[in-house]
Structures are given as C-alpha cells and as structure tokens.
1. Checking the table LYS64/LYS377; LYS291/LYS377; LYS214/LYS389; LYS148/LYS207; LYS184/LYS241; LYS232/LYS252 against a 20 Å threshold on Cα-Cα, which pairs fail?
2. Please order THR131, THR347, THR236 by the number of other Cβ within 10 Å, starting at the fewest.
3. Give the cross-link partners of LYS405 among the aspartates and glutamates, using a straight C-alpha distance below 17 Å as the criterion and excluding same-chain residues fewer than 8 apart.
4. Hey, with R₀ at 45 Å, roughly what FRET efficiency would THR236 and ALA59 work out to, going by the Cβ-Cβ distance, to 0.05?
5. What are the aspartates and glutamates whose alpha-carbon lies under 12 Å from the alpha-carbon of LYS323, with same-chain residues fewer than 8 places away excluded?
6. Is segment 33-186 best put as rounded, prolate or oblate by its Cα gyration tensor, with a ≥ b ≥ c the root eigenvalues, rounded for a/c under 1.5, and otherwise prolate when a/b is larger than b/c, oblate when not?
7. List, in order, the whole-Hz ³J(HN,Hα) value for each residue of segment 77-92 obtained from phi through the Karplus relation with A = 6.51, B = -1.76, C = 1.60 and θ = phi - 60°; use x for Gly and Pro.
8. Quick check: the distance between the Cα centres of segment 361-418 and segment 326-349, to the nearest angstrom?
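What follows draws every value from the coordinates through simple rules; no lab data is involved. Every value quoted in this text rests on a predicted model; they were computed, and no experiment measured them. Cβ coordinates were reconstructed from backbone atoms using ideal geometry, including for glycine residues, and neighbour counts include every protein chain displayed.
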Amino acid sequence: MRPAALGLLFASFLSAQAPAPAFKLIRAGRLISTADGQVREDQGILVKGERIEAVGPFAALLAKAPKAAEFIDLSSATVLPGLIDAHTHVLLQGDITAEEYDVQLLKESIPYRTLRASKACRDALLEGFTTLRDLETEGAMYADVDLKRAIQNGVIPGPRLFVATRAFSATGMYPLSGYSWELKLPEGVQIVDGVDAIRRAVREQVKYGADWIKVYVDRGYLMAPDGRLRSKVNFTPEELKAFVEEAHRLGKLTAAHAMAWDGIDAALTAGFDTIEHGSGFTEDLMDRAIKQGAWWCPTMYVGVWVAEGRGGIWKQLPALLAKAVRRGVEKGVPIANGSDAGGYAWTENPAKELVLLAASGMTPMQAIQAATSRAAKLLGQAANLGELKEGAYADLIAAPEDPLKDITALQRVSFVMKGGVVYKSGSASPHL
C-alpha cells in the first residue's frame, strides 16, 4: 500500500474511533445579551463540544437539537457569558503591606506558590470567572505559563489564562528593597535598563510564553497642589517606546502599570494598549486614551482593600479613582473589568469589583459588559469570548437572582460552564 493511502486509512481509523462532540441544550429563563444590552426570556443555547452551535428561542432550538443532547435546565435563572477579570495575579495571595509581599517571595518557594495559585484558579472558576488576564508572577518566573498549560491540558481546573510572565521594571524601582546590599535577593519583576536590553528581554518573555508584555511605568505617588496625583516615571520615553514597539512587532499587546498623571501620560505617549489602575486619570488624559483606543482597567477593589493598611496617600486613592471612573464612563473611555485579585486575598470574590463599577457611574448592564464583551475586546478575543453567540466558546454562568436588579447576585453564581464542561451546578462541582 502506498504511504499516502496508508495515511488516509489511518486518519479514517482515528476518525471512526473518536467520539462525536457531545451536544448540550441549555434552557435559560433569562439570557443577558452582552452584544446589545438586551435581556431575552426563555432562550436556548445549543452547545456542540466546546463551542456554541446556536442561540435563540428555546422552542426553536429544542426542535433542531439532536435527540441525544444533554438537557440542562436553567429556566429559573439568569444566564450570561462567563466573567472575565482582566487584571489578576494568581501567584500572589494578598499584600496589604510590604512585609506580606516580602514573605511570599522570601519564604515560599515557586512550587509552593504555584500550588497555591492552582487553588486560586479553581476558586475563580467556581465563582464564575472563566477567563483571567494574569498580569505577572511577582517573582515566580514563568510559573503562570505552566499553570496555563496545566489548565489547557485538563491537569487542573481553572479559567482560560492570558499571561504576562515576569513583567518589567528598572533597576532600583521595584521590590524587594530596603535590605542589606550584601544580600542577593529575588526580584519581584524582570529588571531591565536601556533600549537594546529591553528589546532582548521582551523577546525572552515571548519565547517563554508571554501573551502580554507588562511594564511598571510609575511609582512614588503624591498629591500635587493643583489636585493632580503625580508620580515618578521608571523609564525614559525611548525605553517605554521600545517595550511597545518590540511587543507589537512580535504580535503581543502591552499593559502599563500607571497609577498617576505622569505614568499615564508616559504610557499613552509610548502607545501602550492598556492602562492599569489609573487613579490619576484626568480629562485631558481620558481624551487621549479615547483617541488612541487605549483600554483602562481601574482595579477599584484592591485600592479599597489595601488603603487602611498602607496608609498615607493610599487612603486617598479609592475616592480619587471612583471620581475618575465616573468621569471616564461619562466620556466613553474604553473601560474593562480588572480587580487586581492577588493584590487582595483570593478568599475575596473578584465580582466585588463590579459593585464598585456600578457605584461609580456604570449601570449594572455596563458593569456586566465590562466583565464580558468589553473585556473580551481588550483581550483581542471578541470572536471567542464575552458573548453567547454562534461559534464562541461555551463559557457561561447562571445566577438564581437577577444581576441587573442586584449586581451582587454575581457573587452567588450557581452554575459554571467553561468550554462546554460543567464545573458547577448548584452545590455540586462535577469536574473538580
């Protein structure tokens, strides 16, 4: 037999042995359409394998669904896409104080931190977060890439991860700090200086699996007499531009830790794709962000969590950020949900971020969209995530209560499906 014919025969054999993708038919009492902001009653979702085959009135889908399809009754619940948190740190477990951060880097091995991160991933999934953008490992090297691979391969349960690996800062501008110069201590980030070194370092992170390039653009926050939150910028304009240019050349997007006016200004000038935190956003900066199409992840909940323990300027930041978010919503700045989970303990539900967004000018629907369709656009994944539509991944959740009437209902999710697999159904977690 010729090799080509043998190959066709082998492929035919494998096809015959592989089971057909399983169908599931879901009946949704109320379905939130994040594409148009509408709620539709008595809808059906037909799932084939890991993706959505069709969405529409339940009666119509019931007629076309295969007889062997598994039926899932969510007729008394509100169904919506799986939530997305676009700013997390699964390898951190909360760091209100510098001491709490230092202990994790100095007393916990990377394997131990990775085990703790696997639990954080599991918990986030059960809370309805089917996708996370994890914005650096805080000294745990490329462990986020391993976690992503383990989740993809079914070794552990967890959300889809988009990872930034080590993140970048400049010499002397990121913890650990304050220790004897005689000690060789771990770094919380990858330290890099100079344009040529930056380009090499970006290539290195991409080589080892970075989906995003994260840069700490500013530090040292203070309130100026004119009422603006000011900061010190960690890199020169040429250095910041090199991060963006090299990342974009390699097909990767860039995230800028930029808390205050100076950092946001520098990040926008360099062309970063997302601004993280942004307490110092002013109207002039918002106009620039809108013009450039730069996304903003305000990370409101972490600011509330750490404020009292850190003291000083940190106690002023939650109110300042809430005011900025309200104005950003009014102006139409592209805002996506990101809570900075890991900066606060993973025992807290990341959906608490949505309560603060809703209290800062967003309607409940807008807050949900910030955590679904808008966050998917930030990730460049609008075709796959953030909406319940034909061809998208079958990532969906359900809540017994209506989150459009009470946004805290998303902290009480009763059903979680990711990629067509049910991970939570009522009190049961069948695939954990």
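1. LYS64/LYS377; LYS214/LYS389; LYS184/LYS241; LYS232/LYS252
2. Result, fewest neighbours first: THR347, THR236, THR131.
3. Result set, ordered by chain and number: GLU41, GLU353.
4. Rounded to the nearest 0.05, the efficiency is 0.10.
5. Of all the aspartates and glutamates, those that pass the test against LYS323 - Cα under 12 Å, at least 8 places apart if same chain - are GLU283.
6. Working: a/c = 3.52, a/b = 2.80, b/c = 1.26.
Because a/c hits 1.5 or more and a/b exceeds b/c, segment 33-186 counts as prolate.
7. For segment 77-92, the Karplus curve yields 10, 9, 10, 8, x, x, 6, 10, 10, 8, 8, 9, 9, 5, 8, 10 Hz.
8. 14
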